[in-house]
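Computed from the coordinates by the stated procedures, all read-outs in this text should not be read as laboratory data. The model shown is predicted, which means the values in this text are computed figures rather than measured ones. Counting neighbours? That spans all protein chains shown, and the Cβs are built from the backbone with ideal geometry, glycine included.
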Amino acid sequence: MAVIQRLFLMNNHFITMNYKDGKMASETVLVDEISYPSKITTTKPLSLLGHGITDMEIHFLQVKFYSIGVYLDPEVVGHLQQWKGQPAKELEGKDDFFDALIAAPVEKVIRLVVIKEIKGAQYGVQIETAVRDRLAADDKYEEEEEEALEKVVEFFQSKYFKKHSVITYHFPANSQTAEIVVSLEGKEDSKYVVENANVVETIKKWYLGGSSAVSPSTISSLATILSEELSK
């Protein structure tokens, strides 16, 4: 039987439903024309509970850099109950809500898909600057953090991210580590594990940290979807 696709608009992004023999076979979310599965399985099934892009206006033109998908263990909702019933717009402005999301002891995956090609060295500098500045502001940037961050930059240094290259950050539940996986067309995946807890925490904050996060559209999406989940 042929697979039939149907498009639905939800949270300002198209969701593709694939039907086979009259039953829903799979579901994907289009984030700036990039397809994200609505669920992935690592050690357990994770749901796509936030998505967006990073962009910048240059000479009056919007330049998009990469799309973001945030996959979370659905059990995260149980750790956010004090915000139950609050509308998305209110949650979006509450950094303590996103602090609780980051601190929740559940598995998290952040998947980036490149829109505008970039050298790995450039991306490495972006991460280095963002993490170092945040750690320094919190008075947590010591020799151990500097060394850990240098190794992350080295991992990205020799890579080249063409359009549709994928960078995945995997944060296991109840762990202070992060696994970075880079998927480049025609090459085997390369992996690196970050073991410095302060660096790991700050990478999470860069992508999930409310008003200080790199992608306002992702924060807005997280607030919208989690508000809906909390209302159930």
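For Cα extents along the principal axes in Å, which listed value, [x] 171, 32, 29; [y] 91, 47, 33; [z] 58, 46, 43, comes from the coordinates shown?
[z]
Under a GNM of the chain (C-alpha, springs under 10 Å), which listed residue has the highest mean-square fluctuation: Ala121, Ala136, Ala178?
It is Ala136.
With charges only on Cβ, +1 for K and R and -1 for D and E, what is the dipole size of the chain about its Cα centre, in debye, rounded to 20?
1160
Ignoring everything except DSSP H segments at least 4 long, calculate the 222 nm mean residue ellipticity for the chain; use -39,500 (n - 2.57) per segment, divide by total residues, nearest 500. Intermediate results must be reported in sequence, preceding the final value.
Values: 6 runs with 74 residues, N = 232.
Here the helix-only value at 222 nm equals -10000 deg cm²/dmol.
Translational diffusion coefficient of region 59-127 at 37 °C, 0.692 mPa s, Stokes-Einstein with Kirkwood Rh over Cα pairs, in µm²/s as a whole number.
For the chosen part, D equals 221 µm²/s.
How high is the relative contact order of the chain, given as a whole-number percent (alpha carbon pairs under 8 Å, six or more residues apart)?
21
Picking from Ala137, Ala103, Ala148, which is most flexible by a Gaussian network model of the chain using Cα springs under 10 Å?
Highest fluctuation among the options: Ala137.
Could you give the dipole magnitude of region 144-185 about its Cα centre, charging the beta-carbon of Lys and Arg +1 and that of Asp and Glu -1, in debye to the nearest 20?
Charge dipole, region 144-185, about its Cα centre: 440 debye, nearest 20.
How big is the dipole moment of region 110-232 about its Cα centre under a simple scheme where the beta carbon of each Lys and Arg is +1, that of each Asp and Glu is -1, and everything else is neutral? Debye, nearest 20, please.
Roughly 760 debye for region 110-232.
Under the classification rounded if a/c is under 1.5, otherwise prolate if a/b is larger than b/c and oblate if not, where does region 100-232 fall, given a ≥ b ≥ c as square roots of the Cα gyration tensor eigenvalues?
oblate
Just tell me which lysines come within less than 30 Å, Cα to Cα, of Lys84; anything on the same chain fewer than 8 places away is out.
Lys39, Lys44, Lys94, Lys108, Lys204, Lys205, Lys232
Mind giving me the nanometre distance, one decimal, between the label points for Val125 and Lys84, set 7 Å out from Cα along Cα→Cβ?
So the label points at Val125 and Lys84 sit 4.9 nm apart.
Calculate the all-directions average of the projected area of region 171-215's alpha-carbon convex hull, and give it in nm².
4.0
Please work out how much length the chain gains when fully extended from Ala100 to Glu179, using 0.36 nm per residue of separation minus the C-alpha to C-alpha distance, in nm with one decimal.
Residue separation times 0.36 nm, minus the Cα-Cα distance, leaves 26.3 nm.
Please identify, among Val199, Val63, Val113, the residue showing maximal mean-square fluctuation in a Gaussian network model of the chain using a 10 angstrom Cα cutoff.
Maximum among the listed residues: Val63.
So, in nm, how far is label Glu144 from label Glu57 when the simple model puts each one 7 Å beyond its Cα toward the Cβ?
The modelled label-to-label distance comes out at 4.4 nm.
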